[in-house]
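Below is one structure, written out as C-alpha cells; the observations come after it.
The values are calculated or read from the model by the stated rules, or taken from the named source; none is laboratory data. Remember, predicted model here, so these are calculated numbers, not experimental data. Heads up, the Cβs are rebuilt from the backbone with ideal geometry, glycines too, and the neighbour counts pull from every protein chain shown.
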Amino acid sequence: MRRLLVLAVLLVSSAFPASALAGGGNYGFDGGTPAHHAQVRAALEASAFDWNVVPERVTIHLRRGVLSHATRGHIWLDTRLLASGRFAWATVQDEYAHQVDFFRFDPALRLELTDRLGARHWCYEVRGLAHHEYGCERFASTLVWAFWPSKDNAYRPTSAGDEAAAMGPRPFRALVSGLLGMRNPFALG
C-alpha cells in the first residue's frame with residue numbers, strides 16, 4: 001500500500017510544472033549559527049529570482065546588532081532580525097538584490113532604471129535624500145516584492161507610493177529578466 005501511495009504522489013507531482021522558486025546564489029557565511037544560515041537559505045529560496053545571476057561569491061556576515069546593509073561582494077545581517085523568521089526574508093532578499101546592482105549594472109543601465117523606477121538619483125551619490133528617492137533602494141525593494149509576491153513578504157506594498165511599488169510586479173519582472181538575460185519565472189509557456 002505504501003508503495004502505491006508513493007507512486008501516486010510521484011505521478012501527480014510530475015503532472016504539474018515545477019515551482020517558480022529559483023533560489024540559488026553563490027555565497028558563504030561569516031558568523032551565525034546553523035539556524036541563522038537556514039533562515040538566509042530559506043529567504044533566498046522563497047524568491048522566484050535567480051540569484052545565480054550574481055557572478056561572484058558573496059560573503060554574508062551575520063552579527064548581532066549590526067545594521068543590515070550590503071557592499072560589493074558582502075552582506076551584513078542582524079542575527080536578531082533573522083530570529084524573527086519569515087519576517088526577515090524580505091531584508092535578506094533586499095540586500096542580495098543590491099549584489100545584482102553591484103555586479104551586473106553599468107552607469108547607463110542605472111540611469112535608465114533611475115528614470116523607470118521614478119527615483120531622483122541612483123544610490124547615495126547625492127546625500128540627504130529619503131531612502132525611497134534612491135533608485136538602488138527602489139530597485140531592491142521592488143525586486144523583493146515582484147519575485148516574492150507573498151502575504152508573508154514584509155515589503156508587500158500597501159499603497160502606490162510605497163518603495164516596493166515603484167513598478168508593477170509583472171512589468172518589473174519582464175524588465176529585469178530582459179536586462180539580465182534570464183528566464184522570467186512567471187512568464188507563461
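Please work out if residue 65 is surrounded by 21 or more Cβ atoms within 10 Å (Cβ to Cβ), touching a strand residue (DSSP E or B) at 6+ places or on another chain (Cβ under 8 Å) and more than 18 Å from residue 24 (Cα to Cα).
Against the criterion (surrounded by 21 or more Cβ atoms within 10 Å (Cβ to Cβ), touching a strand residue (DSSP E or B) at 6+ places or on another chain (Cβ under 8 Å) and more than 18 Å from residue 24 (Cα to Cα)), residue 65 does not qualify.
Among what's in segment 72-105 and is out of contact with any Phe, Trp or Tyr (no Cβ under 9 Å at 6 or more places or on another chain) and among the β-branched types (Val, Ile, Thr), pick the residue that is farthest from residue 137 (Cα to Cα).
Only one residue tops the list, namely 79.
Can we say residue 172 is over 15 Å from residue 46 (Cβ atoms), assigned to a helix (DSSP H, G or I), touching a Leu at 6+ places or on another chain (Cβ under 8 Å) and at pLDDT 95 or above? Steps first, please.
Working: over 15 Å from residue 46 (Cβ atoms): yes; assigned to a helix (DSSP H, G or I): yes; touching a Leu at 6+ places or on another chain (Cβ under 8 Å): yes; at pLDDT 95 or above: yes.
Criteria met by residue 172.
So which of 79, 91, 59 is of a type in the set (Val, Ile, Thr) and under 23 Å from residue 177 (Cα atoms)?
91
Read through the list (1) outside any helix (DSSP H, G or I); (2) over 16 Å from the mean Cα position of the chain (by Cα); (3) closer than 21 Å to residue 52 by Cα, then give the number of the only condition that residue 110 fails.
(1)
Cβ-Cβ under 8 Å, sequence separation 6+ or interchain: first residue in segment 118-130 and in contact (Cβ under 8 Å) with a residue 40 or more places away in the chain, partner surrounded by 14 or more Cβ atoms within 10 Å (Cβ to Cβ) and in a loop (DSSP other than H, G, I, E, B). Which pairs?
The qualifying pairs are 118/166; 119/166.
What pairs come up if the first residue lies in segment 59-74 and is at positive phi and of a type in the set (Gly, Ala, Ser), the second is at pLDDT 95 or above and assigned to a strand (DSSP E or B), and their beta carbons are under 6 Å apart, counting only those six or more places apart or on different chains?
These pairs meet every condition: 73/58.
Pairs only if they're at least six apart or on different chains, beta carbon under 7 angstrom, first in segment 145-162 and under 18 Å from residue 50 (Cα atoms) and buried (at least 16 other Cβ atoms within 10 Å of the Cβ), second polar (S, T, N, Q) and at pLDDT 95 or above; list them, first residue then second.
145/153; 147/47; 148/47; 148/93
Look through segment 130-156, keep the residues that are over 15 Å from the mean Cα position of the chain (by Cα) and part of a loop (DSSP other than H, G, I, E, B), and return whichever of them is farthest from residue 186 (Cα to Cα).
130
Tally time: how many residues in segment 11-59 are modelled with pLDDT under 95 and surrounded by 10 or more Cβ atoms within 10 Å (Cβ to Cβ)?
Of the residues in segment 11-59, the ones modelled with pLDDT under 95 are 11-25.
Pick out the ones that are also surrounded by 10 or more Cβ atoms within 10 Å (Cβ to Cβ) and you get 19-25.
Residues meeting the conditions: 7.
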